[in-house]
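Everything below concerns the one structure shown next.
The values are calculated or read from the model by the stated rules, or taken from the named source; none is laboratory data. Source: prediction; values computed, not measured. A quick note on method: Cβ atoms are made from the backbone with ideal geometry, for glycine too, and the neighbour counts reach across all protein chains shown. Please note that ligands, DNA and RNA were not included when accessible areas were found on the heavy atoms of the full protein model with its side chains. Shrake-Rupley method; radii C 1.70, N 1.55, O 1.52, S 1.80 Å.
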Amino acid sequence: MPPPSDHTLEADPVRLLSRMEEEMALRGFARATKRLYLAHVRRFLKGRTREPAPDQEVRRWLLSLIEAGHSHTYVGQALSALRFLYVHVLDQPAPVMHVPRPKKKRQLPRVLTAPVVKRF
């Protein structure tokens with residue numbers, strides 16, 4: 001069996017993450033975004049089972065993040081990181097393109113009570 005190319009998830013994770021970092025640098029990503037995306041992809045690669053189809057694997061991983069209590073923003077960032085990995089680094093159609101982005105939780109504004117308003 002030939003060694004995996006750089007265009008698969010089975011490739012050396014260090015080289016894959018290095019390529020991802022280069023692609024983000026070429027696109028002018030902020031340092032914080034690069035660090036965040038790399039951390040999400042590292043966690044994804046660490047937990048891979050290589051058994052299910054890629055779209056099922058990604059969906060399960062994102063669902064596990066939601067079930068673990070992570071915020072919708074966190075899960076959305078993980079989704080964006082995986083989309084970037086597949087489309088711009090692996091040059092593959094992203095299995096996550098049809099995964100819905102979690103809705104942001106909307107909070108109603110805090111309403112001041114009448115006594116608090118009077119104090120102002």
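Side notes on the structure shown:
- Matching residues, segment 77-95, being in a helix (DSSP H, G or I), out of contact with any Asp or Glu (no Cβ under 7 Å at 6 or more places or on another chain) and either farther than 12 Å from Val58 by Cβ or open to solvent by 10 Å² or more (accessible area, probe 1.4 Å) (or both): Gln77, Ser80, Arg83, Phe84, Val87
- Residue that is nearest to the chain's Cα centre (by Cα), among those in segment 33-42 that are open to solvent by 30 Å² or more (accessible area, probe 1.4 Å) and touching a residue at least 12 places away in the same chain (Cβ under 8 Å): Tyr37
- The numbered conditions (1) over 18 Å from Pro95 (Cβ atoms); (2) assigned to a loop (DSSP other than H, G, I, E, B); (3) at pLDDT below 90 are all true for Arg15 except (2).
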